[in-house]
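Chemist: Okay, here's the structure, questions in a sec.
The values are calculated or read from the model by the stated rules, or taken from the named source; none is laboratory data. None of these values were measured; they are calculated from a predicted model. Don't worry about glycine lacking a Cβ; one is built from the backbone with ideal geometry, like all the others, and counts go over all protein chains shown.
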Amino acid sequence: LRCAVMERTFREQLFFLVLCLSVPKGDSRYIQNNEISRDELYSFFNSELKRETPEQLMYRRPLRCLDMVAVEGQFTFTVEHPQLSCAAFFMSEPTEVISVDLDSVDIDCRGGDFITVFDGWVMKGEKFPSSQDHPLPLHERYVDYCDAGSPRRSARSSQNVAMVFFRVRGTGSSFTLTVRKHANPLPCNVISQSPEGTYTMVIPQQHRNCSFSIIYPVAIDISEFSLGHYNNFPKRSTPGCAESGDFVQLLGGNGIDTSKLLPITDLCVSFTGPTHMKIGCDNTVVRMVSSGKFVNRVSFSYRLLDSQEVQTIKLNNVEDFCFNN
């Protein structure tokens, strides 16, 4: 299955990426026979959606074969005709994680049906967070309802995104998902819902990698950056950054897996004061690598590039790889 990505904004690309979705579990499976519209697919980016329902009421609606969900509630999928490959993507605020509970499940596991919760997102075989940045090994990020033994009915994400992919073929078969959000006091890997905002990433003496993914072409300003005992102006793109064990990367590209994105610059010496860059990629990532010896932090703001700015970058060949991949 091949898809031509004609538009360079993430919202256009996401539509085609999801249609090209394949899940690395046994044979590749592709989305098909869904009737979701572009407006419905993109609606989860609209902050107004979060205020549709009073907090004291449980929001309920049907779950589509291809769906995007940014609200808490109950979502029921009922088979009207066999669905061979379906996926629901869930997203919350950066400072939240997501729990998914399976209720009232009526599917035929022995007949080949399955429901699998994944800790993160999968698109076109790429994963967020990447295996390099996630705290769990890949096989532990899958929770399969149909595993041998007692069915697994609940799962919780490690970051603000999660997904469920499923195949249900018997007419009348159904299941219900209950989605809840929970506070995450030390968020690590994040996909931003918005094309503009501010964020501070902190790693408190933990040996781990954290990334903040902005899935739009953006202008980004790093206003504060501190790594342990360093206290000088930043060195950029220096070979010593990786050897230092504590550094921040700016990455860019058109996928979601940070391990497959290309480095734009590295920062490995602390500073205060703005650093400004315009990045014309569909995905811009601020990634912090921490040795665990220090409390590391980076603060930044970002905004969406307008079409003229993106065109200027393209003509100047500043971020040429973003337009050729």
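Chemist: Looking at the range 122-130, can you tell me whether even one residue there is surrounded by fewer than 19 Cβ atoms within 10 Å (Cβ to Cβ) and at pLDDT 95 or above?
Modeler: Among the residues of the range 122-130, not one is surrounded by fewer than 19 Cβ atoms within 10 Å (Cβ to Cβ) and at pLDDT 95 or above, which makes the answer no.
Chemist: Looking at ASN184, ASN160, can you tell me which residue is surrounded by fewer than 20 Cβ atoms within 10 Å (Cβ to Cβ) and among the polar types (S, T, N, Q)?
Modeler: Answer to the check: ASN184.
Chemist: Right, something else. Only one of (1) at pLDDT 90 or above; (2) under 12 Å from VAL164 (Cα atoms) fails for SER85. Which number is that?
Modeler: (1)
Chemist: Of all strands (runs of 3 or more DSSP E) completely enclosed by the range 233-325, which ones contain at least 3 residues that are modelled with pLDDT under 85 and surrounded by fewer than 20 Cβ atoms within 10 Å (Cβ to Cβ)?
Modeler: Those strands (runs of 3 or more DSSP E) span 271-279.
Chemist: Pick from VAL179, VAL161: which is assigned by TED's automatic domain parsing to the domain that holds ILE115, under 22 Å from TYR302 (Cα atoms) and of a type outside the set (S, T, N, Q)?
Modeler: Result of the check over VAL179, VAL161: VAL161.
Chemist: Run down ILE203, ILE191 and say which single residue is crowded, with 20+ Cβ neighbours inside 10 Å and touching a Phe, Trp or Tyr at 6+ places or on another chain (Cβ under 7 Å).
Modeler: Of ILE203, ILE191, the one residue that is crowded, with 20+ Cβ neighbours inside 10 Å and touching a Phe, Trp or Tyr at 6+ places or on another chain (Cβ under 7 Å) is ILE191.
Chemist: So, one more: Mind checking which residues of the range 66-96 are among the small types (Gly, Ala, Ser), part of a strand (DSSP E or B) and closer than 25 Å to GLY125 by Cα?
Modeler: Once the filter is applied, which keeps residues that are among the small types (Gly, Ala, Ser), part of a strand (DSSP E or B) and closer than 25 Å to GLY125 by Cα, the range 66-96 yields SER85, ALA87, ALA88.
Chemist: In the range 97-137, what residues are among the charged types (D, E, K, R) and in a loop (DSSP other than H, G, I, E, B)?
Modeler: ASP108, ARG110, ASP113, ASP119, LYS124, ASP133
Chemist: I need the full set of residues from the range 182-211 which are within 19 Å of LEU304 (Cβ to Cβ) and assigned to a strand (DSSP E or B), in order please.
Modeler: VAL190, ILE191, GLY197, THR198, TYR199
Chemist: Under the condition of being under 19 Å from VAL97 (Cβ atoms) and in contact (Cβ under 8 Å) with a residue 60 or more places away in the chain, which residue from the range 132-143 is surrounded by the most Cβ atoms within 10 Å (Cβ to Cβ)?
Modeler: Selected residue: ASP133.
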